[in-house]
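The block underneath contains the structure these notes are about, expressed in structure tokens.
Just so it is clear, none of the values below were taken in a lab; they were calculated from the coordinates. What you are looking at is a predicted structure, and each value in this text was computed from that prediction instead of being measured. Glycine also receives a Cβ, built like all others from the backbone with ideal geometry; neighbour counts cover every protein chain displayed.
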Amino acid sequence: MQTTQYTAEILKELQRTADLISDEQAEQLVNGILEAKKVFVAGAGRSGFMAKSFAMRMMHVGLDPYVVGETVTPNLEEGDIFIVGSGSGETKSLVAMAEKAKAIGATVAAVTIVPDSSIGRLADIVVEIPAQTKSGEDTGNKTIQPMGSLFEQSLLLIYDSVILRFMEKKGMDSNKMYGRHANLE
């Protein structure tokens, strides 16, 4: 198979996965962000990179999001939302963070392959991305891609879709976002 044929297949997989994501679950995430005082995001590995991308876009639309683990991240409080992207929902450091966020009284949101995972069971909001797990467990949505690639790509797409829906609800367009783009580059 040629490289561009792989690209076409990946796009088909992403479309199939997007079609399986619940509108209701995604809308709950948007509303959770709209209702929160502060927004915190976390993820490990490539899911963590997607979380950082999401935080960047939230900043561009005027929110003050925080990436857990960064030195400028403040304390999480009751009324905040903690959004965890974790394919397995079992990454120990993320489970511990979700437990602490729940104990503090924050809203916990999980974006995961496995809604019945430790993080999924702790979460107030769950967005299921039905993708293949890293270990290759059959979730009914097979991929040609290695490990968690389909989940991580879908995670970025759902995060970008949440931004678009947030913008729609706030009556925003992308022109306003450029005013908040980094300018020391």
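Only loop residues by DSSP count here, and only those with at most 13 other Cβ atoms within 10 Å; note down the GluC sites (Glu not before Pro) in the stretch 40-108 that meet that.
For GluC sites (Glu not before Pro) across the stretch 40-108 that sit outside H, G, I, E and B with at most 13 neighbouring Cβ atoms in 10 Å, the list reads E70, E77, E78.
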MRE, 222 nm, helices only [DSSP H, n ≥ 4, -39500 (n - 2.57), over the chain, to nearest 500]: -15500 deg cm²/dmol
Segment M147-E77, length gained on full extension (0.36 nm per residue, minus Cα span): 21.7 nm
Computed label-point distance, nm, for sites T3 and F49 using a 7 Å Cα→Cβ extension: 1.7
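What is the percent of Cα-Cα separations in the chain that go past 22 Å?
Value for the chain: 44 percent of Cα pairs lie more than 22 Å apart.
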Segment L164-A103, length gained on full extension (0.36 nm per residue, minus Cα span): 18.9 nm
The stretch 1-65 - Rg (one decimal) and Dmax (whole number), Cα, Å: 15.5, 49
Dipole moment magnitude, nearest 20 debye, the chain about Cα centre, only Lys, Arg, Asp, Glu C-beta charged: 360
Centroid-to-centroid separation of the stretch 86-163 and the stretch 4-41 [C-alpha atoms, Å]: 11
Within straight-line cross-link reach of K100, lysines at Cα separation under 19 Å, skipping those fewer than 8 residues along the same chain: K37, K38, K92
